[in-house]
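The values are calculated or read from the model by the stated rules, or taken from the named source; none is laboratory data. Small disclaimer: the values here were computed from a predicted structure and weren't measured. FYI the Cβ positions are ideal-geometry reconstructions off the backbone, even for glycines, and counts take in every protein chain you see. Note: accessible area is taken over every heavy atom of the protein model, side chains too, but ligands, DNA and RNA are not part of it. Shrake-Rupley method; radii C 1.70, N 1.55, O 1.52, S 1.80 Å.
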Amino acid sequence: MMAYLDGDWLELATPSGNTIRVLKASHPRARRLRLTVSPKGARVTYPQGTHPSQVNAFLRHNADWLEKKLDELNLVVEPLPPLRVGHVLEFPLRGEPVVLDWAEGAYPRVVAYDGGVTLEIPRPHSRALPVARGLLASHFENLIRRDVSRWLAGYVPQLGLAPTALRIRPMKSLWGSLDTRDRINLDLALALAPPAALRYVLAHELCHLKVRNHSPRFWAHVESIFPDWREQRDWLRQNGAMLKAELDRLIADVAD
């Protein structure tokens, strides 16, 4: 099992016989090697000056994980029509298909109704697209925060622990994480998923307040507060690439 260099890409041969292409990129602020997976593919980031042999060894060590994550994401995603001002499109929101349409208004806002959302954008429309993306990102974040605040009221007494903060942002490969300061990070794309999937990710990260690994003891905590976790985990594995691609087309400029 070797990693071969090809310009800005590495080709990793896995134990199962597959070959994975990994985009490599040094970063001036990187402190460690980091491997991420998204619907666009795999990427390894490393501190400037890192020897290629270290990058290769890191990839070889994580080959099984990388292959599994790529398989979970099901990277074959049909190209989606881009977000265009004035053009109606359909996308998933809270697990249900909704219609996005446009209207003129006195000020920028999202008007939600049963079965859809309307983006009201005042004239002139020279910056309508970035404004629309920002509105959608804020709307999705508000939906997540509304659900999470309600569920936390039940989970915190059960666990006897609470996160110090909640951050919601687009995440390339993860659905959630818990940092060393006990802050929970959630992927903005979870606003597009069924509420039960979002609730599973929240329960998962809350249980990391008690157990920082994925040992049997950790999964026992998840089972105790969210018994349907397997079903929701599998749903995200099957539909994750689609959700992240949908979010990307809706708020790509905001995410960047």
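With respect to (1) exposed (fewer than 15 other Cβ atoms within 10 Å of the Cβ); (2) in contact (Cβ under 8 Å) with a residue 24 or more places away in the chain; (3) not in a helix (DSSP H, G or I), the lone exception for Gln238 is condition (3). Exactly one residue among Glu72, Glu78, Glu141, Glu90 is under 21 Å from the mean Cα position of the chain (by Cα), closer than 15 Å to Ala245 by Cα and modelled with pLDDT of 90 or more, and that residue is Glu90.
Taking the criterion of being in contact with a Pro (Cβ under 9 Å, 6 or more places away or on another chain) and either open to solvent by 50 Å² or more (accessible area, probe 1.4 Å) or modelled with pLDDT under 90 (or both), the residues of the range 106-121 that qualify are Ala106, Tyr107, Pro108. Taken as a whole, the range 187-194 holds no residue that is modelled with pLDDT of 95 or more and open to solvent by 40 Å² or more (accessible area, probe 1.4 Å).
Residues in the range 187-208 that are more than 20 Å from Val37 (Cβ to Cβ) and in a helix (DSSP H, G or I): 9 in all.
Any residue at all in the range 158-170 that's over 27 Å from Leu236 (Cβ atoms) and in contact (Cβ under 8 Å) with a residue 12 or more places away in the chain? There is no residue in the range 158-170 that is over 27 Å from Leu236 (Cβ atoms) and in contact (Cβ under 8 Å) with a residue 12 or more places away in the chain.
Only one entry of His208, His221, His204 meets the criterion of being touching a residue at least 60 places away in the same chain (Cβ under 8 Å) and open to solvent by less than 70 Å² (accessible area, probe 1.4 Å), and that entry is His221. Restricting attention to the range 90-100, the residues that are surrounded by 15 or more Cβ atoms within 10 Å (Cβ to Cβ) and of a type outside the set (Gly, Ala, Ser) add up to 6. Applying the criterion of being part of a helix (DSSP H, G or I) and of a type in the set (A, V, I, L, M, F, W, C) to the residues of the range 216-235, the residue that is nearest to the chain's Cα centre (by Cα) is Trp235.
Within the range 178-185, the presence of a residue that is assigned to a helix (DSSP H, G or I), assigned by the TED database to the domain that holds Ala103 and either open to solvent by less than 60 Å² (accessible area, probe 1.4 Å) or of a type in the set (Val, Ile, Thr) (or both) is excluded.
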